[in-house]
Amino acid sequence: MRVRIPFRSAQEAPLDPALVAPMSRAARPELTGGRRIGVLVQHGFTGNPVSMRPWAEDLAARGYAVEMPLLPGHGTRWQDLNKVTWADWVATVEGALDKLAAENDAVVAVGLSMGGALCLRLAADHGDRLAGIVIVNAAVDTLRKDVKLLPVLKHLVPGFPGIANDIKKPGADEHGYPTTPLKAAASMFAGYAELRRDLPRITIPVLFFRSAQDHVVDISSSRALNAGLSSKDFEERVLQDSYHVATLDNDAPRIFAESAEFIERVTAEQQG
């Protein structure tokens, strides 16, 4: 793909705050065997809660407490994303985990793309506070050679064309940014490099959904997870009818149902 430098995004209007609003729901233990189960739900890079809301609503309907944060720099204008870093996003998910852990008996984290990477970061740093994680097309690595140029490119151009709406299902829209901000992208990939080194620290159960055809995250992330995780309870399931944003795609009902089965199992096992 040829990109004219400096790249100018066509869309400047901010997103509707109501559309991209975070979500917080209390547990309904009467639906979950009397225990309070919390689920942290995390969107990905240049995305927002739109991509995860159907999954979050499904989890809440099953009685789980849900915390679905809007990551700093997201859900407004793409330029705002260049003002924040990987550390800001990690701090956000850690705050959501703190809230869920304080109010519930067990917690699971689920995430899409970079949201999956943030769940893995939590699992590496706070695995004793999680019963397990569910990740969908999680990004931790890339085969793209131009990523190595980001430390220089980020000073030359603010952004490149966006990665939003890699969805097979007609009519679906994740309302992501039309531009990939390069300072933020550089910080994200630096965070991924650190995360890859720490994958062996992850020992809790991991359920990994991966689309067979994904135009955003390539096979290198799957290889890194299979080679690096120490989890004995790790399963990779391939989605045949979805692209990257599988949570809004044809395989979404499968993700919702199978993740609920996983959450029920790992939280029960944690209780002993």
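The values are calculated or read from the model by the stated rules, or taken from the named source; none is laboratory data. For clarity, every value in this text was computed on a predicted model and none was experimentally measured. So basically every Cβ, Gly included, is an ideal-geometry build from the backbone, and we count neighbours across all protein chains shown. Protein only, heavy atoms only, side chains kept; ligands, DNA and RNA dropped before computing areas. Shrake-Rupley method; radii C 1.70, N 1.55, O 1.52, S 1.80 Å.
Computed about the Cα centre, the dipole magnitude for the range 147-272 is approximately 620 debye when only Lys and Arg (+1) and Asp and Glu (-1) carry charge, each at its Cβ. Per residue, the convex hull spanned by the Cα atoms of the range 1-125 amounts to 118 cubic angstrom. Net charge of the neighbourhood of R36, taken over other residues with C-beta under 11 Å away and scored Lys/Arg +1, Asp/Glu -1, is -1. Using R₀ = 41 Å, calculate the FRET efficiency as 1/(1 + (r/R₀)^6) where r is the Cβ-Cβ separation of E30 and V147; round to 0.05. After rounding, the FRET efficiency stands at 0.30.
About the centre of its Cα atoms, the chain shows a dipole size close to 840 debye [charges on the beta carbon of Lys, Arg (+1) and Asp, Glu (-1) only; nearest 20 debye]. Surface composition of the range 171-272: carbon plus sulfur atoms hold 46% of the accessible area, using a 1.4 angstrom probe and ignoring ligands, DNA and RNA.
Accessible surface area normalised per residue over the chain is 43 Å², counting heavy atoms of protein chains with a 1.4 Å rolling probe.
Considering only L40, L150, L31, the mean-square fluctuation computed in a Gaussian network model of the chain, springs between alpha carbons under 10 angstrom, is largest for L31. Neighbours of S222, meaning other residues whose beta-carbon lies under 15 angstrom from its beta-carbon, give a summed charge of -1 when Lys and Arg score +1 and Asp and Glu score -1. Ordering W86, W55 by accessible surface, largest first, gives W86, W55; the 1.4 Å probe counts only protein heavy atoms, with every chain in place. For the chain, the residue among A56, G115, A96 whose Cα projects farthest onto the positive side of the dipole built from Cβ charges is G115. Listed by chain and number, the lysines whose alpha-carbon sits under 29 Å from that of K99, ignoring those within fewer than 8 places in the same chain, are K83, K232.
With the highest mean first, a sort of the peptides 127-133, 165-171, 22-28 on other beta-carbon atoms found within 10 angstrom per residue produces 127-133, 22-28, 165-171. When the alpha-carbon atoms of the chain are used, the pair Rg, Dmax equals 17.6, 58 angstrom.
Over all other residues within a Cβ to Cβ distance under 14 Å of E94, the charged ones net out to -2, with Lys and Arg as +1 and Asp and Glu as -1. Peptide packing for 225-233, 261-269 was compared via the average number of neighbouring C-beta atoms within 10 Å per residue; ordered from the highest value, the list is 261-269, 225-233. Considering only A164, A257, A13, give the residue with the highest GNM mean-square fluctuation for the chain, with springs between Cα atoms whenever their separation is below 10 Å. Maximum fluctuation in the GNM of the chain, among the listed residues, is at A13.
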